[in-house]
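So the structure is just underneath, and the comments pick up after that.
The values are calculated or read from the model by the stated rules, or taken from the named source; none is laboratory data. These numbers come from a predicted model, not from an experiment. Cβ placement follows ideal geometry from the backbone for every residue including glycine, while neighbour counts extend to all protein chains displayed.
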Amino acid sequence: MSSTTSAAEILRGLGYWFFYGRDPGRAWLDGIAPPYEVSRRLIAVTFALPVIALLFAAGLRWRARHYFAWLVAVGTVIAVAAFAEPTRSPAGAAFESASRHSNLVLSLRNTQRAAPLVALGLAAFIAAGLTALSRRHARMGAASALVIVVLVFGALPAQWREGLIAPRFSRGDIPQYWFDAASALDKGDGRILELPGIDFASYRWGQTLDPITPGLVDRPVIARELVPIGSAPGVSLLNAVDRSIQEGWFEPATLAPIARLLGATDIVVRNDLEYERYRTVRPQVLWPQVSGAPGLSAPQTFGPQLPNVAAADRPLIDEIQLALDPRAPTPPEVAIFHVDATPRAFLSAAATRAGTVVDGDGEGILAAAAAGLIDFDRLPLLFGADVAVTSAKSSLGAATRYIVTDSNRKRAGRWYALRDNVGATEPADSAVVLDDVSDARLPVVADEPANSLTVVELRGAQRVWASSYGGPFTLAPEERPANAFDGDPRTAWRVDRITATSAPVIGIELGREVDASTISLRDPIGRPGTKLVTRVRVTLDGSRNIDVDLPLERGNEPMRVTLDGKPFHKLEVTILDTAGNDGSAGFGEIEIPGVHVEELTVMPTAVLQLLGSNATGAPLAFTLSRDRANPAEPVRADPELSMHRILDLPAPLTLTLDGTARLNPGADDELLDQLLGEGRAGIASARSTEHLPGAITSRASAAIDGSTATAWSTPFAGIAGQTWKAEFAAPLTLNTLELDVVTDEHHSQPRSLTLNVGDNDPVQLSIPSLPALPLGSTTHVSLPLPNPLQGNDIGITIDSYDAHTTPDWYSGQSIDFPAAIAEIGLPVGQPSTASSRIDTGCRSDLVTVDGTPLPVRISGDSGPTHRDALTVTPCEATLSLAAGRHEIATAIGLDSGIDIDRLVLRSPNFGTAPAPAAAPVVTTESHHTTDIQGTVQTDGAPFWLVLDQSINNGWHVAINGAKVDGSHPIDSFANGWLVTPQRAGRLTVHVRWTPQRNVDIALVLSALAVAFCVVLALRRPWRAITRAGDPPSLVSPVPSADDQPLPVSLGTIALAFVCGAIFVHPIAGVAFAGLFVPLRRWPRGRGLLQFAVPVGVGLAGLHVLWFQTRDAYEPGGRWPENFAAAHIAALASVVLLGLLALPPRPRKRPEDHSIVIAPGREVE
């Protein structure tokens, strides 16, 4: 928001962030907003209007002039308060700093909404100026008015073309199927959970910005949008399930339990969203997941069931789309799933000495639900962070179960998008980024204790940090700075170069002295869009700088940098230049001899410390979940290649183990074939340089499996040079190369190949041009060889191809579709029968505990895509752990072929904890929106009173004859009060929404204020008697004055300095003071100085016009930042306007009591 509120834009009547917003490739207000940023005519016109207004102001004498001058000055200063660095004024810097610590200040962040004050002041100057000009010269006044009208009309070109509603917001009627769905929903009770979330409501049939469901139904609706709505616990839980959907790691078994915790009785799946606009989940991906989710009824569907096809300019045909089955049924536009459970009462009670405590956040609850640890007969669900520090701990007892998760991570958070918005896990005592102004993390519980957070612990270094990592609007924890020191070139630190406000820097504090004469730098690998670093500065111990130029032609070899030969404790590497500024840059490794940094994730201990020695007999479980990404999205990588967890136990534990695993699509092709038991008689192995990311079915063996329905597919990037290889069990002779080539419109076509067979010379082969056919089509080609070739292996390299292209979603640039070969005809035996079943037997290389292998077995059905969850079972009955710290580690899936995505450790009595006592019976006698009354029948024991509304301290409970404590978050959503009755029997309960009283008072005061204004308007005399004191006139606005007294003059100079220094820049304060010094002896210079204001704004306009013409900046949210000088000039001008509006103590003149009764005639 702050990047658009420059003073120049505010004076143009612009500056509101939404006006400049863009989706990838197009503006939100396309056809309306971009011309104001790129059209020279429109830039000139929109600057001409404020310049004319300020010219009039400079030559006006008018009683109201001071008021409107201050209106312009004050409005501009307020509007630009949050404008971006480095031009932010001291006042703006103080405002920005305060907004980080005060929600009240943060709520005022849309400072550009003060722009109407500026527009009003400028309009008043124009009106007064035209009035004065007409009084002096009627024809000139009329001509000037006509010019102003023409400029105003010219400043609104869209109004005369398509109107002021952008084409994307022009839509027809809401489709009938939505009204049918709403009618069906209104027949039910309870809350509605709507999936998937979307940044702004953008349907295939039109844009509404806000979702339409709340306006169509009479039931409460929960849906995830860009900005979190509701309380932190509920937001955490809703974000967890929706982020898993958006980012591709959703587990259907979690949906029904999460819906029940949120109090939802129906789930609405909207498949008619314009998913490509914000890259949200595709209906073809989500529909089969939700329709197969346990705990939900069969869907009730609505709509004509037409394919939801992305727009032509952003077709979003990528790795995910290519992996979809084109024969799959088309999802319905809208579907309703009923949750198979009894809905929670609006006001209910639960027994104490029971329930479940989760040390974690919404993602921890999600993991617990996926592991089957959430038992709805053992509610309420309490947060360990709340229980550990509040009186809620008194509600625990023998029937309470405890779940410790590795969620609730100490990490940054952003709200710019629905996905890719959480950062890297941080150490307990430091941050990963030096100063991240975009960090808006939302604690799940206020004042949560430090030991309730999951943090990382570094080995091999004291601290690792960077100026930033990832992109400007998203967070990518897989690009965190620690990755540059972990010894694994497959991980990297990267930072977006386009939006970096300063040279990116990465640093490491070693905590010891290192004597190294050289370091080595390695480029990131496998990261699309990465630019080579060409110049760096290595800084040792904060002061010893070594600048180094890096070669452009360097392959994959490390670049050695010679140091100054002295020991050091701290090392920083600053990126000074790159081969292009339009992508990301960074390092795969910064190798310091003798230094290897390892990150260990430390699980929270709040609940464990609460249990202490009682942990041994407590019903206790642990969930360890690997932080992962969708492997079908090459712009992302797994934040954790494996798990390395630390458990700090307060007492000895005996635990059972199980978990979830999946095949890693990035593992070696041959390794995946071995795990799946696939092969072909006569072929020892098949592998490729690369295959389509995330698609195990596109690996090398897909080209020899006897089916043209599968194919070896290259990635989108780097098709030329991709190689398919196979080794034979015995020498093989080839006379022709028989190929089935995928020739549909979503694949490029190979045209020339290099064939290598054994030790024979390479053979160049050409494939004729083949027509593009419908999706899934293949074409057989037979390529004769000049001579028979015999060998033990074969290699086929794609040298050139006919490109079929598609727009890249991120850049908008055309990219080539991958090439694919469905079958390679080889004179060998038949392929083995394909199977998706996996059983590894007991393996000791996948899990270790304190460095000791823990044998586990991986088994299950990997499904048609070979990405379905597999089961992890131990080969030993139990795991015994002593009190103290323990390290649990898993193998890297890229190396083993198997990702251990979750481990669950639980005590033997976790599932056999004592049953909770019966809950008191609550009877609701009256239920209004803000007021609920009822009774509760109690036996005198403490209990939980639960209100099924998003937790908020505004809810107040009064119960006669009982002590009430709370509220506390219940089930990560609802309000809960711990009630201790003073007696058994029936208690009266009164629940009120207390903020409503303030709203009611405000409404009454507003009504009284309106009535008062109406009375003032009606009682005003209607006789038009006007004092002739000060009609607008075109003369110097400052009457002649005597020399100001010294104290007044000094006060004016001091005020000029203070205002300039605070609201513009300290240098501006000095300049303003210098301008006002001569005015003491030369008061008439004040009138001349008035014209510096329009001149300054005019220069700002010329600056914008000149540099936009020269550099052709792309329109967008950061466009105003390109004109920092224009911002300073315009801001300084309007602050000067406000200072000059201060009264200069004019010479006293006789009062004029004449009354105007007609133009040009006066009476005394």
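For the stretch 121-158, which positions are more than 26 Å from T76 (Cα to Cα) and not aliphatic (A, V, I, L, M)?
S134, R135, R136, H137, R139, G141, S144
State whether the residues of the stretch 11-18 include one that is in contact (Cβ under 8 Å) with a residue 40 or more places away in the chain, surrounded by 22 or more Cβ atoms within 10 Å (Cβ to Cβ) and not hydroxyl-bearing (S, T, Y).
Looking for residues that are in contact (Cβ under 8 Å) with a residue 40 or more places away in the chain, surrounded by 22 or more Cβ atoms within 10 Å (Cβ to Cβ) and not hydroxyl-bearing (S, T, Y), one finds at least one in the stretch 11-18, hence yes.
Among the residues that make up the stretch 451-459, is at least one of them under 25 Å from L563 (Cβ atoms) and modelled with pLDDT of 95 or more?
yes
Name the residue, out of G230, G197, G234, that is surrounded by 20 or more Cβ atoms within 10 Å (Cβ to Cβ), outside any helix (DSSP H, G or I), out of contact with any Pro (no Cβ under 6 Å at 6 or more places or on another chain) and in the same structural domain as R270 (by TED's automatic domain parsing).
Being surrounded by 20 or more Cβ atoms within 10 Å (Cβ to Cβ), outside any helix (DSSP H, G or I), out of contact with any Pro (no Cβ under 6 Å at 6 or more places or on another chain) and in the same structural domain as R270 (by TED's automatic domain parsing) holds for just one of G230, G197, G234, which is G197.
Matching residues to (1) modelled with pLDDT under 95; (2) within 26 Å of the chain's Cα centre (by Cα):
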| residue | (1), (2) |
| --- | --- |
| R344 | yes, no |
| T356 | no, no |
| D377 | yes, no |
| L382 | no, no |
| R401 | no, no |
| V404 | no, no |
| N408 | no, yes |
| W415 | yes, yes |
| D436 | yes, yes |
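So which residues in the stretch 576-599 are closer than 30 Å to D648 by Cβ and either in contact with a Gly (Cβ under 9 Å, 6 or more places away or on another chain) or surrounded by fewer than 15 Cβ atoms within 10 Å (Cβ to Cβ) (or both)?
The answer is G594, V595, H596, V597, E598.
In the stretch 1076-1087, is there at least one residue being under 21 Å from G1138 (Cβ atoms), part of a helix (DSSP H, G or I) and modelled with pLDDT of 90 or more?
Taking every residue of the stretch 1076-1087 in turn, none turns out to be under 21 Å from G1138 (Cβ atoms), part of a helix (DSSP H, G or I) and modelled with pLDDT of 90 or more.
Among the residues of the stretch 821-860, write down those that are modelled with pLDDT of 95 or more, in a loop (DSSP other than H, G, I, E, B) and touching an Asp or Glu at 6+ places or on another chain (Cβ under 6 Å).
The one that is modelled with pLDDT of 95 or more, in a loop (DSSP other than H, G, I, E, B) and touching an Asp or Glu at 6+ places or on another chain (Cβ under 6 Å): D850.
Would you mind stating whether S430 is touching a strand residue (DSSP E or B) at 6+ places or on another chain (Cβ under 7 Å) and either assigned to a loop (DSSP other than H, G, I, E, B) or not aliphatic (A, V, I, L, M) (or both)?
yes
Residue by residue through the stretch 854-873, note down the ones that are surrounded by 19 or more Cβ atoms within 10 Å (Cβ to Cβ) and out of contact with any Lys or Arg (no Cβ under 8 Å at 6 or more places or on another chain).
If the condition is that a residue be surrounded by 19 or more Cβ atoms within 10 Å (Cβ to Cβ) and out of contact with any Lys or Arg (no Cβ under 8 Å at 6 or more places or on another chain), then L854, H866 are the ones that fit.
Does T280 meet the test of being more than 19 Å from D199 (Cα to Cα), in contact with a strand residue (DSSP E or B) (Cβ under 9 Å, 6 or more places away or on another chain), buried (at least 18 other Cβ atoms within 10 Å of the Cβ) and of a type in the set (S, T, Y)?
No, not satisfied.
Pull up the stretch 685-694, narrow it to residues that are out of contact with any Ser or Thr (no Cβ under 7 Å at 6 or more places or on another chain) and not polar (S, T, N, Q), then point me to the one that is farthest from G863 (Cα to Cα).
The first filter runs over the stretch 685-694 and keeps only residues out of contact with any Ser or Thr (no Cβ under 7 Å at 6 or more places or on another chain), leaving 685, 687, 693-694.
Going one step further and asking which of them are not polar (S, T, N, Q), we end up with 687, 693-694.
Working: R687: 22, P693: 18, G694: 14 Å.
Per the stated criteria, the residue is R687.
Report, by residue number, each residue of the stretch 396-428 that is touching a Pro at 6+ places or on another chain (Cβ under 7 Å), farther than 30 Å from Y275 by Cα and either of a type in the set (D, E) or crowded, with 20+ Cβ neighbours inside 10 Å (or both).
Residues satisfying the conditions are R401, Y402, V404.
Filter the stretch 171-206 down to the residues that are among the basic types (K, R) and touching a residue at least 24 places away in the same chain (Cβ under 8 Å) and list them by number.
Within the stretch 171-206, R171, R191, R204 qualify.
Go through the residues of the stretch 761-776 one by one and say whether even a single one is under 44 Å from the mean Cα position of the chain (by Cα), in the same structural domain as P818 (by TED's automatic domain parsing) and closer than 22 Å to D669 by Cβ.
no
Taking interchain pairs and intrachain pairs at least six residues apart, which have beta carbon atoms under 7 angstrom, with the first residue in the stretch 874-903 and over 21 Å from G860 (Cβ atoms) and the second crowded, with 23+ Cβ neighbours inside 10 Å and aromatic (F, W, Y)?
none
When you go through L550, L510, L563, L571 one by one, which is the residue that is buried (at least 17 other Cβ atoms within 10 Å of the Cβ), free of Cβ contacts under 8 Å to residues at least 40 places away in the same chain and over 27 Å from the mean Cα position of the chain (by Cα)?
On inspection, the qualifying residue turns out to be L550.
Only one of S701, S685 is part of a helix (DSSP H, G or I) and among the hydroxyl-bearing types (S, T, Y); which?
Values: S685 fails: part of a helix (DSSP H, G or I).
After applying the criteria, what remains is S701.
With the structure loaded, tell me whether A476 is within 24 Å of the chain's Cα centre (by Cα), more than 22 Å from N239 (Cα to Cα) and of a type in the set (A, V, I, L, M, F, W, C) or whether it fails that test.
no
Out of curiosity, is R327 among the charged types (D, E, K, R) and farther than 30 Å from R22 by Cβ? Give the steps one after another, and end with the answer.
On the way: among the charged types (D, E, K, R): yes; farther than 30 Å from R22 by Cβ: yes.
So R327 fits the description; yes.
So which strands (runs of 3 or more DSSP E) stay within the stretch 519-612 end to end and still have 1 or more residues that are not assigned by TED's automatic domain parsing to the domain that holds R490?
598-602
Do you know which residues across the stretch 1112-1136 are over 30 Å from the mean Cα position of the chain (by Cα) and either outside the structural domain of F47 (by TED's automatic domain parsing) or among the polar types (S, T, N, Q) (or both)?
Result: S1133, single match.
A quick yes/no check of all residues on (1) part of a loop (DSSP other than H, G, I, E, B); (2) modelled with pLDDT under 95; (3) in the same structural domain as D899 (by TED's automatic domain parsing):
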site: D627; (1), (2), (3): yes, no, yes
site: E633; (1), (2), (3): yes, yes, yes
site: D638; (1), (2), (3): yes, no, yes
site: S642; (1), (2), (3): yes, no, yes
site: L647; (1), (2), (3): no, no, yes
site: A651; (1), (2), (3): yes, no, yes
site: T654; (1), (2), (3): no, no, yes
site: D658; (1), (2), (3): no, no, yes
site: L671; (1), (2), (3): no, no, no
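Taking the stretch 53-90 as the region of interest, how many residues are among the aromatic types (F, W, Y), in a helix (DSSP H, G or I) and under 21 Å from G1069 (Cβ atoms)? It would help to see each step written out before you state the result.
Of the residues in the stretch 53-90, the ones among the aromatic types (F, W, Y) are 56, 62, 67-68, 70, 83.
Now drop any that are not in a helix (DSSP H, G or I), which leaves 56, 67-68, 70.
Still in the list and also under 21 Å from G1069 (Cβ atoms): 70.
Adding up the residues that qualify gives 1.
Test I245 against the criterion of being modelled with pLDDT of 95 or more and more than 20 Å from the chain's Cα centre (by Cα), and give yes or no.
Values: modelled with pLDDT of 95 or more: yes; more than 20 Å from the chain's Cα centre (by Cα): no.
Judged against the criteria, I245 is not a match.
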